[in-house]
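Notes follow the structure.
The values are calculated or read from the model by the stated rules, or taken from the named source; none is laboratory data. Keep in mind it's a predicted model, so treat the numbers as computed, not measured. For neighbour counting, all protein chains shown are included, and Cβ atoms are generated from backbone atoms with ideal geometry for every residue, glycine included. Side chains are part of the model used for accessible areas, which takes the heavy atoms of the whole protein and leaves out ligands, DNA and RNA. Shrake-Rupley method; radii C 1.70, N 1.55, O 1.52, S 1.80 Å.
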Amino acid sequence: VNDLVMLDDLSERGILQSLSRRHGSDEIYTYIGETLISVNPYKQIGGLYGTSVMKKYISKKDYQNAPHAYAIAERAYRNMQLQSANECIVITGESGSGKTEASKVCMNYIAFLASKSKQVQRVKEQLLETNPLLEAFGNAKTRR
């Protein structure tokens, strides 16, 4: 299932089995309500990213396409446009889970959308300027 909320078995075992099946089919994204779960495939998956895939998510609701980081970026971008307010996408996970890659996917999508607006260069520059900060967080060490 695309959304774990729809599972008959919502136990830890049922959720892990569903994620494992999807991962085995190169479906690395799964919703649980409005939250997106991403399982790092540790390999390149053809056809998962790119302009043609981005175009499928423009102005669409989450349920209209397969789960994807583009859908989350789309929702944040549209909410920002409609409400004239800041938006935030929280990306969390363990070391090596793909947080930096997920951030880049979201930033690429928003830059793609912004390329259709008058503020293209400004938005792209702002997005690119965030990358060193994201990398700093990604390289930070947890002390206990």
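Give me the residue from region 19-45 that is among the small types (Gly, Ala, Ser) and under 23 Å from Arg75 (Cβ atoms) and, out of that set, surrounded by the fewest Cβ atoms within 10 Å (Cβ to Cβ). Top of the filtered list is Gly33. For region 8-18, the criterion of a residue being under 13 Å from the mean Cα position of the chain (by Cα), within 21 Å of Ser95 (Cβ to Cβ) and without any contact (Cβ under 8 Å) to a residue 60 or more places away in the chain is satisfied by no position.
No other residue among Gln44, Gln83, Gln17 is at pLDDT 90 or above, under 24 Å from Ala114 (Cα atoms) and out of contact with any strand residue (DSSP E or B) (no Cβ under 9 Å at 6 or more places or on another chain) apart from Gln83. Evaluate region 89-96: report whether one residue or more is touching a strand residue (DSSP E or B) at 6+ places or on another chain (Cβ under 9 Å), within 27 Å of Glu129 (Cβ to Cβ), part of a strand (DSSP E or B) and open to solvent by less than 80 Å² (accessible area, probe 1.4 Å). No: region 89-96 contains no residue that is touching a strand residue (DSSP E or B) at 6+ places or on another chain (Cβ under 9 Å), within 27 Å of Glu129 (Cβ to Cβ), part of a strand (DSSP E or B) and open to solvent by less than 80 Å² (accessible area, probe 1.4 Å). Taking region 46-65 as the search range and keeping residues that are touching a residue at least 24 places away in the same chain (Cβ under 8 Å) and among the hydrophobic types (A, V, I, L, M, F, W, C), which one is most open to solvent (accessible area, probe 1.4 Å)? Filtering first and then ranking leaves Ile58.
Out of Met107, Met80, I need the residue that is surrounded by fewer than 17 Cβ atoms within 10 Å (Cβ to Cβ) and either of a type in the set (A, V, I, L, M) or within 12 Å of the chain's Cα centre (by Cα) (or both). Which one?
Checking each option against the conditions leaves just Met80.
Among residues of region 66-75 being open to solvent by 10 Å² or more (accessible area, probe 1.4 Å) and in a helix (DSSP H, G or I), the one that is nearest to Ile28 (Cα to Cα) is Ile72. Of all the criteria given as (1) over 20 Å from Phe112 (Cβ atoms); (2) within 15 Å of the chain's Cα centre (by Cα); (3) part of a loop (DSSP other than H, G, I, E, B); (4) among the hydrophobic types (A, V, I, L, M, F, W, C), the one not satisfied by Ile37 is (3). The residue list Leu16, Leu4 contains one member that is more than 20 Å from Lys104 (Cβ to Cβ) and open to solvent by less than 40 Å² (accessible area, probe 1.4 Å), which is Leu4.
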